[in-house]
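Encoded as structure tokens, the structure appears first; notes follow it.
Just so it is clear, none of the values below were taken in a lab; they were calculated from the coordinates. Computed from a predicted structure; not experimentally measured. Methodologically, a virtual Cβ is constructed for each residue, glycine included, from the backbone with ideal geometry; neighbour enumeration extends over all protein chains shown.
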Amino acid sequence: MVANALANERSLYLRQHADNPVSWLPWGEEPFALARERQLPVLVSIGYAACHWCHVMERESFSDPEVAALMNEHFICVKVDREEHPDVDEYYMDAVQALRGAGGWPLNVCCTPEGRPFFAGTYFPPEPRGGMPSWREVLVALAEAWRRQRAELEGLANRLHGAIAASATVSLAPRQPLAGLSAAVEGALAKAFDPDYAGFGEGAKFPQAPALAFLAQRAEEGSQRAASLLDRTLEAIHRGGIHDQLGGGFHRYTVDRAWRVPHFEKMLYDNGLLLRLFARRLAQTANPSFAESAQGTVRFLEGELLGPHNLLCASLDADSPGGEGAYYLWRAQELQALLGPRYQAAAGWFGIREEGNATVDHGPPPGANVLYLAGPPPQEAAAIKEVLRQARARRPRPLRDEKAIVGWNGLAIAGLAEAAVALRDQGILGWAERLAETILAAPRSAAGLLPRLAFADGWVGEGHLEDHAYLLDGLLALFEAGCEERWLERAKELGELIIAFFYDPPSAAFYATAGGSPLLPRRTALEDSALPAAAPTAALCLHRLYELTGEARFEGPARAAIERAAGLVERYPLAFLTAALAHARLQGPPRPLACRLPPPPSIT
């Protein structure tokens, strides 16, 4: 039997599984070679350090010796940190969505020794529950199917792999003239808008930053409807429990429709993207709520995510000692003891109830309260917050994933640059510039590409398109905030790298990785997730470089890639919102520099 090989991995998520009796191997060629040698299927389990349900499945199933024995006997087991290998995660996420219609983490996939999936699912309980089989039952069924029906499973895997590979490069010609495309996409967002609580959909609420960024562009073009949808959503996020009302920053999503009860992990990418949105609208509206959210997010990033590598760490865990969200939750009796005569004012302000205000399925325990803005701040608001901050600081803190991801830092740099302008704070701009300098000074690959990750002891991996595109976006935001020529020059260098290594002229497509893999199809990066799609982000930035420099070498790939995606935007507008935003920018007039300094000599 192969020993668990995760103890020396740099990834916190992998090390969290290092004591499992499962014979985990990290992602690479070795487990698949071993699978071919032993003629076993490969079990790929994907998650990330801040993921609550990943921790639950680790405790319930992967730590169980009997379950581990089944896994070790019948499978080669691979554990993957999705933040280290986003290409692996995207490929297998496509598989689970194709097979089940929905995805999530932990993502558990069974595949052939060639890496091709034939089964995929997410969390499975230790015992059958709510119509779900237990993980043990899934393992037994998969092992039996591999033994009896291997040829059929391999045929399914080959067909599914072919479909995923084909969909990764598909483009559709538009069915009609696209002059009204932006208005049509706005209409689709208006139809999906929740009229009661803002945001989109009527279940769990995610910020959906690509949707909000599209609305921000439309609002700046003069659409009152877009401005209303955007501002109502930002106000709801600001007031909700998704916003950490004491520490600043934002949780990943809420489990309820009203933005009140969060899933408590905090991701750098959400906070970088939301910071930029609040800053943009603050500059347009001078809304004090937006200023408060922007200022609090800057404090959160600097106070809680700045790591030993002088970059921003990936995430804070949803869990802490005491359970999911324990660091952020309050009981009425605790607040009464802390606040004394100020309690009633605080209870009205934060929506505190004796029985708790977070009573939702799969939510916090009975009696728990999430702080959200239920009313106007009382006169003693500052004193109340200070008492609660000090009390919370004495609690065990959620675990921080110390790795820094280049692309996510690029998103934060862009957010900080726009916040510096909106808040008129040169200190914020200086910090954003230092983050960029740290990344640009990192050792490059032999080809000159950025690394993917930074740990306290060094840099790891080769950057993907998203790392280069998001950082390019950040560099352009720095240039537009202060008009320092050096940032435009570094942006041009990065734009050249993106075209050279990620752009394919025959297909007019930007690919997610610089090269192929024997296990994974090379994919375009057109569809949004919680993050803006990398391909249209790259095209947007290259188009902006063309506007700022007049150099046509940036315009050609940008225009070709955006036009290539227009048919997808037309048919599936809510899945390709960053591409829709890029199309809108392409059709509009050139934008002037945001800063008020004299333009550099190279600007045309």
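Numbers for the structure displayed
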item	result
FRET efficiency, 1/(1 + (r/R0)^6) with R0 30 Å, evaluated for E386 and D19 via beta carbons	0.15
Helix runs (DSSP H) in the chain reaching 24 Å along axis by Cα, Kyte-Doolittle at least 0.5	406-423, 465-482
Dipole of the chain, positive direction: furthest Cα of G556, S517, Q217, with charges on the beta-carbon	Q217
Point-charge dipole on Cβ atoms (K/R +1, D/E -1) for the range 42-133, about Cα centre, debye to 20	260
Nearest-0.05 FRET efficiency for A447 and A145, computed from C-beta distance (R0 41 Å)	0.45
Inter-centroid distance (Cα atoms) of the range 81-134 relative to the range 530-564, Å	33
Simple label model, 7 Å out from Cα along Cβ direction - E152 to L34, nm	3.0
Listed residues F119, I76, T297: farthest to the positive end of the dipole of the chain (Cβ charges)	T297
Interatomic Cα distance distribution for the range 328-394, bins of 10 angstrom, percent	22, 57, 20, 1
Alpha carbon centroid spacing (whole Å) that separates the range 23-79 from the range 450-478	29
Span from the the range 304-365 Cα centroid across to the the range 169-242 one, whole angstrom	30
Separation in nanometres of the label points that stand 7 Å from Cα toward Cβ, at R59 and L440	4.6
Residue pairs, from the table K79/K403; K191/K266; K266/K385, whose Cα atoms sit over 24 Å apart	K191/K266
Backbone N under 17 Å from the E354 label point (7 Å along Cα→Cβ), restricted to the range 366-380	366-369
Gain in span if fully extended, A575 to R331, counting 0.36 nm per residue against the direct Cα distance	83.8 nm
Cα gyration tensor category, rounded, prolate or oblate, for the chain with a/c compared to 1.5	oblate
M132-A165 pseudo-label distance in nm [points 7 Å out on the Cα-to-Cβ vector]	3.3
For q = 0.15 Å⁻¹, Debye-computed log10 I/I(0) when each Cα of the range 3-134 counts as one equal scatterer	-0.65
Whole-number D in µm² s⁻¹ for the range 550-594, Kirkwood Cα-pair radius fed into Stokes-Einstein, 37 °C, 0.692 mPa s	289
